[in-house]
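Contents: one structure, followed by commentary.
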């Protein structure tokens, strides 16, 4: 018999106190209002609704906590629902094959809810504020009310049912094999079949791995309409079955109000860390759904995002690992501006698994001072027997993955000014990533340092590839700024060959122009997101405009993330209407490329594949309209469409570790509040027309000076500046601004 833990028995003093204070309400009542009412109101307005039974991962509700993922949709028969289970840690461990095969994420299986009668109607709501799916199922034999959540702290699916036709629970395991077919070796075999059993009243399906260890799905329904399911994973140990059974028993031993209170507390605190409200409610709801999705998909203490997040599409397909050649890098910037570094799994992963980085380069280049990241890899940065590209040696592929990932780490450092990130992760790993490139640079007859042939991602091979040069230039500049003077880095920065140019701006590389539609913006990293050349410098504008206009002139092969990136670039070029146009094209679910589209539940389908990064890039594009902070300047409402007469933001985080609140009404900025967490220099473009007052949080005047690039305000660590029109005393509370038109809800409303 599995013993209940002391934690389960006592619940914890906070949870026990919480349950005693809970009101006596029905099991499925609407949640009680608590915390900041405007945050709750905005997030509740973003709820997703289903009035039609969803059919697959692209139109269904989704739940997760960074580990366990669940999606619910139509089952195999008219009276069945499927709850597809997945887990971000469940992967194979056969290191003899490349990561997408031998270290592949593995399908688990699905729970079934089988009703006595055929399903005739559904009425479901995905309540983002509480991270809970609630609703009714009407059948030919009656109806049932249910509530589902993936418990934030326990990684356990918790469900309750009541009604005249309550479903019976079951489970169907799926074959434990990679669903990828590309380069799949003929000797590959699936893992052994699952074993079904029962222990201590808990049903389970135990799935062993050839490499040792395995994963187990355990589930149980009690006599009170409660249900719990948990997926346990262990390698090389074989504790997965006992772990899963224990977690199910513990969850059902805790009163449901306690579990709910624990779960909701985390999510409410999460949403209250920042606020975005704009009059286009389609955009506003979409943004908050992506924040929900991001917290569902990743945590700093969990695996870095794979192509599917924690979810696993039932049919699988090719993207069974972690893609470091763009997908991870563009998924995570949103955690910075939205003030959610508790989700930064990139920095945490590189810190924890740094020792695996050297295995990504060929053995002959392993000198103890060189790092790279291959793609695909697994969540621990292992590539299997597959190596990162070597400049000048064919075949070549994506040498710059690690440098681009280090830009994510740098952004995290700049937004928090956390010296531990700088000293323990950024500087040591960035040094070795630059070292790997530096060994291949060669001096040309022009005295410049050139790069042998590399791959410009998803387009062509070239010497002096712009993608690689921009990352090298950013890397050595960052090392010089943060690590101090170094003759080698200074020489590279001084003599690295300039980007090759043509009539349409910057080329892919030497003698390789962009002649076709190109979904990747790899040849424009120097502009966005690296901000090496910026719109603030008039001498750069012609080159930026030519390159951007040429790239955006051919969209027939674009991906979803291309539209989000184009929107962000337009925002950084003071083209707000173009920025909104690119964003709305994607959000309006128009066709993308040859066979891709944003799905009804804000997932993104590319061919038959789920790809998580494109929707997240579009959410970042919303932030670029509202706040920017590159090049030492904090810009408030820098690219807001003229159709957005009102906007309200709170606690958006910028470089320099500033938290920004601001309000816009009737097409003008009313006030801006900036709180300094680190005492960094502040240059602010507040956008307020006319004379201003600058005061601290106590109403005292603050020293400030108007400069060419903005208003310089001297702030100490912990101090706040409030900038407003001269003589006004504005209401500094965040608000949900009025809608400028109607907007449908996401889901299948």
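The values are calculated or read from the model by the stated rules, or taken from the named source; none is laboratory data. What you see is a predicted model, and the numbers here were worked out from it, not measured in a lab. Cβ coordinates were reconstructed from backbone atoms using ideal geometry, including for glycine residues, and neighbour counts include every protein chain displayed.
Can we say residue 230 is at pLDDT 95 or above and surrounded by fewer than 23 Cβ atoms within 10 Å (Cβ to Cβ)? Criteria not met by residue 230. Residues that are at pLDDT 95 or above, over 18 Å from residue 94 (Cα atoms) and surrounded by fewer than 20 Cβ atoms within 10 Å (Cβ to Cβ) occur at least once in segment 148-158.
Scanning segment 565-578 for residues that are on the phi < 0 side of the Ramachandran plot and over 21 Å from the mean Cα position of the chain (by Cα) yields 570, 572, 573, 575, 576, 577, 578. Applying the criterion of at least 2 residues that are without any contact (Cβ under 8 Å) to a residue 12 or more places away in the chain and either more than 22 Å from residue 415 (Cβ to Cβ) or out of contact with any helix residue (DSSP H, G or I) (no Cβ under 7 Å at 6 or more places or on another chain) (or both) to the strands (runs of 3 or more DSSP E) found wholly in segment 636-749 leaves 704-707.
Note on segment 530-557: residues that are within 24 Å of residue 612 (Cβ to Cβ) and buried (at least 24 other Cβ atoms within 10 Å of the Cβ) amount to 1. Exactly one condition in (1) modelled with pLDDT of 95 or more; (2) outside any strand (DSSP E or B); (3) touching a strand residue (DSSP E or B) at 6+ places or on another chain (Cβ under 9 Å) is false for residue 72; which is it? In the conditions (1) modelled with pLDDT of 95 or more; (2) outside any strand (DSSP E or B); (3) touching a strand residue (DSSP E or B) at 6+ places or on another chain (Cβ under 9 Å), residue 72 misses (2) alone. On the given criteria, is residue 136 touching a residue at least 60 places away in the same chain (Cβ under 8 Å), in a strand (DSSP E or B), assigned by TED's automatic domain parsing to the domain that holds residue 263 and under 31 Å from the mean Cα position of the chain (by Cα)? No: the conditions fail for residue 136. Taken across segment 483-491, residues that are under 33 Å from the mean Cα position of the chain (by Cα) and closer than 21 Å to residue 396 by Cα do not occur at all.
Would you confirm whether any residue within segment 123-130 is out of contact with any helix residue (DSSP H, G or I) (no Cβ under 7 Å at 6 or more places or on another chain), under 19 Å from residue 170 (Cβ atoms) and assigned to a strand (DSSP E or B)? No: zero hits.
Do we have any residue at all in segment 116-126 that's in the same structural domain as residue 219 (by TED's automatic domain parsing) and within 25 Å of residue 345 (Cβ to Cβ)? There is at least one residue in segment 116-126 that is in the same structural domain as residue 219 (by TED's automatic domain parsing) and within 25 Å of residue 345 (Cβ to Cβ). When 587, 580, 598, 623 are checked against the criterion of being in contact with a helix residue (DSSP H, G or I) (Cβ under 8 Å, 6 or more places away or on another chain), touching a residue at least 24 places away in the same chain (Cβ under 8 Å) and within 30 Å of residue 481 (Cα to Cα), a single residue qualifies: 623. Among the residues of segment 335-358, is there at least one that is at pLDDT 95 or above, in the same structural domain as residue 461 (by TED's automatic domain parsing) and over 24 Å from the mean Cα position of the chain (by Cα)? Yes, segment 335-358 has at least one match.
In the set (1) under 26 Å from residue 577 (Cβ atoms); (2) within 26 Å of the chain's Cα centre (by Cα), the condition left unmet by residue 659 is number (1).
Taking the condition touching a strand residue (DSSP E or B) at 6+ places or on another chain (Cβ under 7 Å) and either touching a residue at least 24 places away in the same chain (Cβ under 8 Å) or crowded, with 22+ Cβ neighbours inside 10 Å (or both), does residue 384 pass? Spelling it out, it is not the case that residue 384 is touching a strand residue (DSSP E or B) at 6+ places or on another chain (Cβ under 7 Å) and either touching a residue at least 24 places away in the same chain (Cβ under 8 Å) or crowded, with 22+ Cβ neighbours inside 10 Å (or both). Taking segment 211-318 as the region of interest, the helices (runs of 4 or more DSSP H) fully inside it that hold 2 or more residues being touching a strand residue (DSSP E or B) at 6+ places or on another chain (Cβ under 9 Å) and either within 30 Å of residue 179 (Cβ to Cβ) or without any contact (Cβ under 8 Å) to a residue 40 or more places away in the chain (or both) are 240-253, 281-297. In summary, residue 385 fulfils each of the numbered conditions (1) part of a helix (DSSP H, G or I); (2) farther than 28 Å from residue 521 by Cα with the single exception of condition (1). The requirement of being in a strand (DSSP E or B) and more than 22 Å from residue 413 (Cα to Cα) is fulfilled nowhere in segment 613-629; no residue meets it. Determine whether residue 192 is loosely packed, with under 15 Cβ neighbours inside 10 Å and modelled with pLDDT of 95 or more. For residue 192, the condition - loosely packed, with under 15 Cβ neighbours inside 10 Å and modelled with pLDDT of 95 or more - is met.
Condition check ((1) in the same structural domain as residue 194 (by TED's automatic domain parsing); (2) in a strand (DSSP E or B); (3) under 30 Å from residue 50 (Cα atoms)) across all residues:
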{"site": "83", "(1), (2), (3)": "yes, yes, yes"}
{"site": "89", "(1), (2), (3)": "yes, no, yes"}
{"site": "93", "(1), (2), (3)": "yes, no, no"}
{"site": "100", "(1), (2), (3)": "yes, no, no"}
{"site": "111", "(1), (2), (3)": "yes, yes, yes"}
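Selection over segment 43-55 of residues that are touching a strand residue (DSSP E or B) at 6+ places or on another chain (Cβ under 6 Å) and buried (at least 18 other Cβ atoms within 10 Å of the Cβ) gives a count of 5. Under the condition of being without any contact (Cβ under 8 Å) to a residue 40 or more places away in the chain, over 15 Å from residue 324 (Cα atoms) and assigned to a loop (DSSP other than H, G, I, E, B), the residues counted in segment 335-354 number 0.
For segment 355-372, a residue qualifies if it is assigned to a loop (DSSP other than H, G, I, E, B) and out of contact with any helix residue (DSSP H, G or I) (no Cβ under 7 Å at 6 or more places or on another chain), and the qualifying residues are 362, 367, 368.
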